[in-house]
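Following: one structure in structure tokens, then a few remarks.
Quick note: the coordinates plus some simple rules give every number you see, no bench work behind them. This structure is a prediction, so every number in the text was calculated from the model and none was measured. Here the Cβ positions follow ideal geometry from the backbone for every residue, glycine too, while neighbour counts run over all protein chains shown.
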Amino acid sequence: MAKTHVTMKVNGAEVEGLVEPRTLLVHFIRENLQMTGTHIGCETTHCGACTVDIDGMSVKSCTMFAVQANGSEITTVEGMANADGTLSPLQEGFRMMHGLQCGFCTPGMILRAHRLLKENPSPTEAEIRMGISGNICRCTGYQNIVKAIQYAAAKINGVEFKEAAE
Amino acid sequence: MIPGAFEYHRPATVADAVKLLADLGDEARPLAGGHSLVPMMKLRLATPAHLVDLHGVAGLKGIRRDGNVIVIGAMTTQHELLASEDISAALPILHETALLIADPQVRYRGTIGGNVANGDPGNDMPALMMTLGASYRLEGPSGARDVAADEFYQGAYFTALEPGELLTAITVPIPPPGHGYAYEKLKRKVGDYATAAAAVVLTTAGGKVATCAIGLTNLHETPLVAADAAKAVIGTTLDAASLKKAAAAAAAIMSPAADARGPVEYRKHVGGIMVTRALQRAAARAK
């Protein structure tokens, strides 16, 4: 099968590669680009572990072909830290609020939360829960993931984060 | 899981897309959002030799109001429907339904055209389009035609689309101001297809139901219009006896599959409950 030349901008850097049409975007990111922060979970568009940000959309990268991302701008978890290498508010929130246990879902959770907070900078708890409803976590029961996103929202908005009483 | 090999085509116009689909025949599938087709390809349940990606086709996107109708391009995503003020204002039931489809990531990619054209009985938009009296524009090698949504679905995954034809736009008549609406969907979890779902659009006058349309999702191999159920509530105040009659009339035309979502009797039972709840919620919203 003839391969197609693709170029895209990933975490601010121009990248290119030769792909078969059937190459899924997540495989291109992990295998061609050697960026293994984006995880493969269910492979059936349910779990959200492979979520990346493409041209302002949260997309499950196991359900899109790399050729379809030709010319687009992509952010993966490797691009989430601040420019000086310190943790971004979302990363810090997941750390401070214990938003992960095994960590497998975390890259997808962070990328999804990233787009959610761009679209809705001050979400309610219910909006956060619906906003991450395409991402499955089998460890935390989601409580601390929700708190991590609330922490990040507060930090981005420059207000003090108050943990809700349980 | 990796799909079988295929050749990728990215036409720039509807005419080119139609020509590709017509020339390549059964071996080709149009690729819209891909969130039904790509998982099927990964499971090797679909093995098209050619994919005709519609993302590069100009003029397949967008929502516009044209007098008394809303015209929606086939490649408009669920996310775009949710963001549209025209939709929220004129077709609030479409907003409500789109929000119940899949999950946020899928809604960024999934399109209304793919949802209505695939013929999957689990998809939510087909029954809603039948309830709203929508029509589909189909463009093929021998020209364009419009087919009413309620004449489009022939069986599970079988539709009125002829080989080489592409669904390019959906025209939805705007319901009258003050209409009541509700889409009630029972599902096991976010992202699941309906165990049973019902769409209701109605108007009231003097405290009674004046007009009513009811659609049913995933309760038959095609979406259904429950005309007798709607007739049972017209002229009533939606009293308990009328609601019961409507639920029974709707259940009479349901023939759901027994699957992981439950046995046939259960799905018909909750189908009736979805009709009842949708009627009550729609009536409460009518002005």
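Averaging Cα coordinates gives a centre for region B:180-220 and one for region B:3-22; these two points are 36 Å apart. Each residue of region B:231-236 was assigned a 3J(HN,Hα) from its phi angle through the Karplus curve 6.51 cos²θ - 1.76 cosθ + 1.60 (θ = phi - 60°); the sequence is 4, 5, 9, 5, x, 9 Hz, with glycine and proline shown as x. Gap in Å between the Cα centre of region B:152-172 and the Cα centre of region A:25-104? Answer, in whole Å: 36. Counting only DSSP beta bridges whose two residues both lie in chain B, roughly 85 percent are antiparallel.
Using the Kirkwood radius built from alpha carbon pairs, what does the Stokes-Einstein equation give as D for the protein assembly as shown at 25 °C and 0.890 mPa s, in µm² per second? Diffusion coefficient, whole number: 106 µm²/s. Loop-located trypsin sites (Lys or Arg not before Pro) in region B:1-94 (DSSP state not H, G, I, E or B) with no more than 11 neighbouring Cβ atoms inside 10 Å: B:R44. The amide H of B:A148, built 1.01 Å from its N in the peptide plane, has B:Y136 as neighbours under 5 Å, considering only residues 5 or more places off or on other chains. Taken one residue at a time, the phi angles of region A:144-151 give Karplus couplings (6.51, -1.76, 1.60, θ = phi - 60°) of 7, 5, 4, 4, 4, 6, 5, 4 Hz. Gly and Pro are set to x. Neighbouring Cβ atoms from other chains, within 10 Å of the Cβ of residues in B:102-114, number 6 on average.
Packing around the peptides B:112-119, B:132-139, A:79-86, A:94-101, taken as the average count of other Cβ atoms within 10 Å per residue, puts them in this order, highest first: B:112-119, B:132-139, A:94-101, A:79-86. Pairs spanning more than 29 Å between alpha-carbon atoms, out of B:K42/B:K268; A:K118/A:K147; B:K185/B:K208; B:K19/B:K185: B:K42/B:K268; B:K19/B:K185. Couplings 3J(HN,Hα) for region A:87-102, derived from phi with the Karplus relation 6.51 cos²θ - 1.76 cosθ + 1.60 (θ = phi - 60°), are 6, 6, x, 5, 4, 5, x, 5, 6, 5, 9, 6, x, 8, 10, 6 Hz, where x marks Gly and Pro.
Each peptide in B:3-9, A:124-130 receives the mean, over its residues, of other Cβ atoms within 10 Å, and ordering these scores from highest gives B:3-9, A:124-130.
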